[in-house]
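Down below is the structure, laid out as structure tokens.
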Amino acid sequence: MSTTVTNVILAGLGGQGVIKASDILADAAVRAGFDVKKAEVHGMSQRGGSVTSDVRFGVKVLSPMIPRGEADFLVVLSPSEVVVTRPLLRPGGVLFAPDFVPEAELVNKRSLNVALLGALSAYLDIPERIFLEAVRAALAERLHAVNEQAFQQGRARAAKAGAAALGKRQ
């Protein structure tokens, strides 16, 4: 287990599942034995406004808020929020834009949040099985299969993207 704190910001518009995704991530981190802090900004979320959620985890986390420019990972569900939230990412941080997993490839486009969590999971020190436990715990049983598939699609895309990035560096 790493001694550093991992900072993840999830962003999107009301109704896209930003809060659900942050709940799943926080639950997975707790299940993996990390100290977790979470904060949300709902704004005008009920009217499709901006929503962000900060999730911080590590051996010891003192504050739930991620300072501007210090997010290790930025997971964005709406194209309109990419430019707005990009300054929250630290130099060298990883952005998962909504087109990282094309909605057309998902069985249900409402699973984009879980698909992007799958992509994020490939970069975190949390076992895949724990992530899937958290997904199942957060969703109704009838949604398990479609969301587990979306999670796997995102994870596979991240693995492929990581391999491509390594190939470019060599």
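The values are calculated or read from the model by the stated rules, or taken from the named source; none is laboratory data. All figures in this text were calculated on a predicted structure; none of them were measured in a lab. In this analysis, Cβ positions are derived from the backbone assuming ideal geometry, glycine residues included, and neighbour counts consider all displayed protein chains.
Side notes on the structure shown:
- If you check Val84, Val94, Val107 for being in a helix (DSSP H, G or I) and touching a residue at least 24 places away in the same chain (Cβ under 8 Å), only one passes: Val84.
- Enumeration of residues in segment 93-111 that are surrounded by fewer than 18 Cβ atoms within 10 Å (Cβ to Cβ) and farther than 14 Å from Phe73 by Cβ: Asp99, Pro102, Glu103, Ala104, Glu105, Val107, Asn108, Lys109, Arg110
- Qualifying residue in segment 79-91 (condition: closer than 15 Å to Ile126 by Cβ, in contact with a Lys or Arg (Cβ under 7 Å, 6 or more places away or on another chain) and modelled with pLDDT of 90 or more): no
- Filter result (under 22 Å from Gly49 (Cα atoms) and within 12 Å of the chain's Cα centre (by Cα)) within segment 72-99: Phe73, Leu74, Val75, Val76, Leu77, Leu95, Phe96, Ala97, Pro98
- Only residues that are more than 15 Å from Leu88 (Cβ to Cβ) and within 18 Å of the chain's Cα centre (by Cα) were counted across segment 49-65, and they come to 2.
- In segment 115-156, residue surrounded by the most Cβ atoms within 10 Å (Cβ to Cβ) [restricted to those that are of a type in the set (D, E, K, R) and either under 11 Å from the mean Cα position of the chain (by Cα) or farther than 22 Å from Ser78 by Cβ (or both)]: Glu148
- Scanning segment 61-81 for residues that are more than 13 Å from Ala29 (Cβ to Cβ) and in a loop (DSSP other than H, G, I, E, B) turns up Leu62, Ser63, Met65, Ile66, Pro67, Arg68, Gly69, Glu70, Leu77, Ser78.
- Residue that is nearest to Gly118 (Cα to Cα) [pool: residues in segment 18-52 that are at pLDDT below 95 and crowded, with 21+ Cβ neighbours inside 10 Å]: Val18
- Applying the set (1) on the phi < 0 side of the Ramachandran plot; (2) out of contact with any His (no Cβ under 7 Å at 6 or more places or on another chain); (3) part of a strand (DSSP E or B) to Val51 leaves exactly one unmet item: (2).
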